[in-house]
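The values are calculated or read from the model by the stated rules, or taken from the named source; none is laboratory data. These numbers were taken from a predicted model, which means no experiment stands behind them. With ideal geometry, Cβ positions are generated from the backbone for all residues, glycine too; neighbour counts draw on all protein chains shown. These accessible areas exclude ligands, DNA and RNA; they are computed on the full protein's heavy atoms, side chains included. Shrake-Rupley method; radii C 1.70, N 1.55, O 1.52, S 1.80 Å.
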Amino acid sequence: MSATTVDSPQSWTRLALALTLSTIGGVGMWSVVVALPTVQAEFGVARAGASLPYTLTMLGFGAAGMLLGRWSDRSGIRVPVLAASALLGVGYLASGYATSLLGFALAQGLLIGVGSSVTFGPLLAHVSMWFEKRRGIAVAIVASGNYFAGAVWPPIVQHFIATVGWRSTYFGIGVFVLATMLPLALLLRRPPPAHASHDGPAARLRGTPHSLGLSGNALQGVLVVAGLACCVAMSMPQVHIVAYCGDLGYGPARGAQMLSLMLACGIVSRIAFGYVMDRIGGLRTLLLGGGLQCVALILFLPFDGLVSLFVISAMFGLFQGGIVPSYAIIVREYFPPREAGGRIGVVIFATVVGMALGGWLSGAIFDLTGSYRAAFLHGIAWNLVNVSIAAWLLMRSRLRPALA
């Protein structure tokens, strides 16, 4: 058998497998968004309370992503994917039996959130080891699996919730996940090219944390704050667009269509930003994506017509798709490959906490004010924090070499 090398046909085969797993497993993040109005009605809770299952799902997703990333750094990706896929399928079966909002939320967080986590951060780090010249586009493509899931799953979930109920829908998702993801995980036998896990010419670092005037932990901390801030802002439309459309009188089905459109455009955005990252690097891409996301959020304030919301949802998807993958590229540019899974997992955890916190806060702000206007303003403020951090890091990356 020939030796495995980076940027080889085996690399693209592994990318395709990772993308498929991410698309299937990404249902864990989006089904609860579509089910939110139905769950709220069944359990008789306020909007903030109905957002709790999503919040716990995202927290489980993020925390488990860190642990699974470190596990895959030590032992490879195959066993973590097998274990997480089993948890995801069982989580959907268990959620369907929930008799209270708390039981549903715990099943979402401890099983579905944990199970779906392996399909993002750990797979991003894993795929990044298979590529050098096309690392940006490769990471962006596998990250698009989450948006493929967001484009495909919401209309399917909404259709079955409307026809057979949310419990039967969850049962069906659980069976499908177990029947597809477990066999696919067994194909992850071959490890990444051996030299990708060591420091050396193949690492192709742009610098070190010290080249930014920061320690490794300081740079990690700054990226954590940036990731938290961008995703508090990002969560507002993604988590609440279905409920928002219901409140405006357009119905949850229209909201699910907008969410699907938003995430379909996010696929285009992530792939396009992948090419951009290969040319301008992670920091510039983070600043560009954060700035464009802020523009889209501002547009939600003056426009709430049906056509306008479809257009702005598409713009939001096109503008923000490159933000989260840029963190993985920044980690690979400034940290050694042997730390990739763990460090990317930490930053992804921060982005997920941001999504969870933002989803809950938007619901709480709605309950306090009776509208989503203040929630959009709240998201814009967090977005400005992210843009400021990206601009500061980029400025330091230019100043430090000049001062050396």
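Worth a mention:
- For segment 49-67, the set of residues classified as open to solvent by less than 20 Å² (accessible area, probe 1.4 Å), of a type in the set (A, V, I, L, M) and over 16 Å from S95 (Cα atoms) consists of A64 only.
- When G291, G274, G246, G255 are screened for being open to solvent by less than 50 Å² (accessible area, probe 1.4 Å), assigned to a helix (DSSP H, G or I) and within 17 Å of I141 (Cα to Cα), only G274 passes.
- Candidate set from segment 108-120 (those that are aliphatic (A, V, I, L, M) and open to solvent by less than 10 Å² (accessible area, probe 1.4 Å)); member that is nearest to L68 (Cα to Cα): V118
- Taken over segment 153-180, the criterion of being in contact with a helix residue (DSSP H, G or I) (Cβ under 7 Å, 6 or more places away or on another chain) and of a type in the set (V, I, T) is satisfied by V157, I161, T169, I173, V177, T180.
- Candidates L123, L88 - the one that is more than 21 Å from Q320 (Cβ to Cβ) and either buried (at least 24 other Cβ atoms within 10 Å of the Cβ) or touching a residue at least 40 places away in the same chain (Cβ under 8 Å) (or both): L88
- Of the residues V6, V45, the single one that is part of a loop (DSSP other than H, G, I, E, B) and farther than 26 Å from T169 by Cβ is V6.
- Conditions (1) under 25 Å from L384 (Cα atoms); (2) open to solvent by less than 50 Å² (accessible area, probe 1.4 Å); number of the one not met by S260: (1)
- Complete set of residues in segment 30-70 that are without any contact (Cβ under 8 Å) to a residue 60 or more places away in the chain and closer than 21 Å to T351 by Cα: P53, G60, A64
- Restricting attention to segment 17-28, the residues being open to solvent by 20 Å² or more (accessible area, probe 1.4 Å) and not β-branched (V, I, T) number 2.
- Qualifying residue in segment 92-99 (condition: touching a residue at least 60 places away in the same chain (Cβ under 8 Å), within 27 Å of A340 (Cα to Cα) and small (G, A, S)): no
- Pairs where the first residue, in segment 390-404, is open to solvent by 40 Å² or more (accessible area, probe 1.4 Å) and the second is at pLDDT below 90 and not aromatic (F, W, Y), C-beta under 7 Å, 6+ apart: R396/L212; R396/G213; R400/S211; R400/L212; R400/G213
- Boolean, G342 is in contact with a helix residue (DSSP H, G or I) (Cβ under 6 Å, 6 or more places away or on another chain) and closer than 15 Å to A272 by Cβ: no
Residue-by-condition table, conditions (1) open to solvent by 10 Å² or more (accessible area, probe 1.4 Å); (2) modelled with pLDDT under 95:
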| site | (1), (2) |
| --- | --- |
| F148 | yes, yes |
| W153 | yes, yes |
| A162 | yes, yes |
| L186 | yes, yes |
| A194 | yes, yes |
| S215 | yes, yes |
| L219 | no, yes |
| L223 | no, no |
| V239 | no, yes |
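- Meets criteria (over 22 Å from C245 (Cα atoms) and touching a Phe, Trp or Tyr at 6+ places or on another chain (Cβ under 8 Å)) for G25: no
- Flag set for G266, criterion: closer than 26 Å to R135 by Cα, under 14 Å from the mean Cα position of the chain (by Cα), assigned to a helix (DSSP H, G or I) and small (G, A, S).
- Criterion violated by T208 - all others in (1) crowded, with 16+ Cβ neighbours inside 10 Å; (2) closer than 17 Å to W392 by Cα; (3) at pLDDT below 90 satisfied: (1)
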